[in-house]
Amino acid sequence: MANLKESSFWEEGIYQWETSDPVLGGENGIDNVPTRQLANRTKWLKDNKLDKSATAASADLAKKAQVADKLSKARNVGGVAFDGSADIDLPGVNKPGNQNTSGNAATASYAAQIAARKIGGVIFNAKTDIDLPGVNIKGNQDTSGNAATATRLQTICTINGVSFDGSADINATPAGAIQFFAMETAPVGWLKANGAAVSRTSYASLYAAIGTRFGAGDGKTTFNLPDLRGEFLRAYDDGRGVDKGRGIGSGQGDAIRNITGKINVVHRGGGDNPVSGGALFRSSYFNAKVAAGGDDEWGAVMNIDASRVVPTSTENRPRNIALLACIKI
């Protein structure tokens, strides 16, 4: 023997047994229909906290509460009062020219309100998934390693002759290259070629390129950059023989070609060269004066001044312009 299954539901009517009804028990048997309907009404009344002694009129009102013409207390919907007695319009919703939520993305099963569109040449109306040619198909492009997440390029490229696959930074200009800049500060990736001592580990690529050629720094953790301040550069002879005996990075002092010549001193002797008061000899490069004196006396005063012919200074130099020398790290 088992109890009837009760549902909290107000039955509209109670079934009447007919004389033609068969005797049929069980959960869905005809004998249990009226009893179950009464049990459902009882449970509904209990759940809705109605007094069991309520009149039929009260019960009818309770039943109608599910289908009331209006709410007992008006509510705000989108800022508009609504009690269920009439339709309302929400600002900006369901107005011509505004948003229409009747076919919004939350409820639409497919794009019924608009014409189907093409995505990558494939017709799409949201009814079913589509496959785009070459995308997410085995053997074709795989977007799991796209540009947003890839750690390297599928095909290695070269930048200025240097291989690049995106897995690490590269120097398109090799470490140790010298460049001149028309500014007072070194750009990113360069250091001033000012002879400074720098870290062997922080500038490992540059250290590998030039070593201690321009100075060993502290002998352990640093090395020196070349000091090109105020210097003219000369190409490495590399065995040609024009500038013999020089190594890469070696310095050289200033010099001029040697000038040789001969000066004859004028000799004044016993009447053979009667010069009174001395004789003065002039040229573009020097003045020479033979001093006055007796027989067999002589002397010469010579002043040389090259500035009468060429521009002069405290050093030998060509015309030039000052730029900032830097070295690539």
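The values are calculated or read from the model by the stated rules, or taken from the named source; none is laboratory data. Small disclaimer: the values here were computed from a predicted structure and weren't measured. A quick note on method: Cβ atoms are made from the backbone with ideal geometry, for glycine too, and the neighbour counts reach across all protein chains shown. Heads up: the accessible areas ignore ligands, DNA and RNA and are worked out on the full protein's heavy atoms, side chains in. Shrake-Rupley method; radii C 1.70, N 1.55, O 1.52, S 1.80 Å.
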Using a probe of 1.4 angstrom, how much of the accessible area of the range 157-209 is carbon and sulfur, in percent? 52
How high is the FRET efficiency between LYS220 and VAL310 when r is their beta carbon distance and R₀ equals 35 Å, given to the nearest 0.05? 0.10
Taking H as built 1.01 Å from N, whose amide H comes closer than 5 Å to the amide H of THR222, not counting residues under 5 places away? ARG200
Could you pull out every residue, at least 5 positions away or on a different chain, whose amide H is within less than 5 Å of the one on ASN194? Hs are placed 1.01 Å off N in the peptide plane, and Pro or chain starts have none. LEU228
Can you tell me the FRET efficiency between GLU231 and LEU132 if r is taken as the Cβ-Cβ distance and R0 is 56 Å, rounded to the nearest 0.05? 0.35
